[in-house]
Amino acid sequence: MTNTDSYSAMLTAVQAFHDKHDFKNTGGEELAYRIALMTEELGEISACVTKGKDTASLAEECADLFILLLGTAIAADFPLDEAFWAKMKKLQQRESRMINGRIRVSEFRDM
Ligand SMILES: [Mg+2]
């Protein structure tokens, strides 16, 4: 049985989706196109908030973006899980500041 919590199971499912539609040979893995698709999904996430849609709609649009991110890792051939943990490690060491009433976690290099 598939462990639906695992990154490798998610990646395998997205790879199967790419293979089913032959994304590799039909432009579906071109990075500029993928960025446009991810931007489109980000806009749909935004619309969920600005149009007051329910949480289920927000979750579905976030899943769309997440699936595209996994597919971009396939297209550009990098291990997104390793990149995730490497970046989390950096973020965990960063400081936060309140800026205009909202918290920001950053390196604050030039502030
Ligand atoms: Mg969508």
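Listed by first and then second residue, the pairs with beta-carbon distance under 6 Å, at least 6 apart or on different chains, first residue in the stretch 53-68 and within 20 Å of residue 10 (Cα to Cα) and near the ligand (Cβ under 8 Å from one of its atoms), second in a helix (DSSP H, G or I) and of a type in the set (A, V, I, L, M), are 61/45.
The residues on offer are 64, 54, and the sole one that is surrounded by fewer than 11 Cβ atoms within 10 Å (Cβ to Cβ) and out of contact with any Gly (no Cβ under 6 Å at 6 or more places or on another chain) is 54. Taking the stretch 29-51 on its own, how many of its residues are in contact (Cβ under 8 Å) with a residue 24 or more places away in the chain and surrounded by 14 or more Cβ atoms within 10 Å (Cβ to Cβ)? So the count comes out to 5.
The condition (being within 22 Å of residue 81 (Cβ to Cβ), of a type in the set (Asp, Glu), under 17 Å from the mean Cα position of the chain (by Cα) and in a helix (DSSP H, G or I)) is satisfied by just one residue among 61, 41: 41.
Since every read-out is calculated from the coordinates, none of them should be taken as a lab result. The model shown is predicted, which means the values in this text are computed figures rather than measured ones. In this analysis, Cβ positions are derived from the backbone assuming ideal geometry, glycine residues included, and neighbour counts consider all displayed protein chains.
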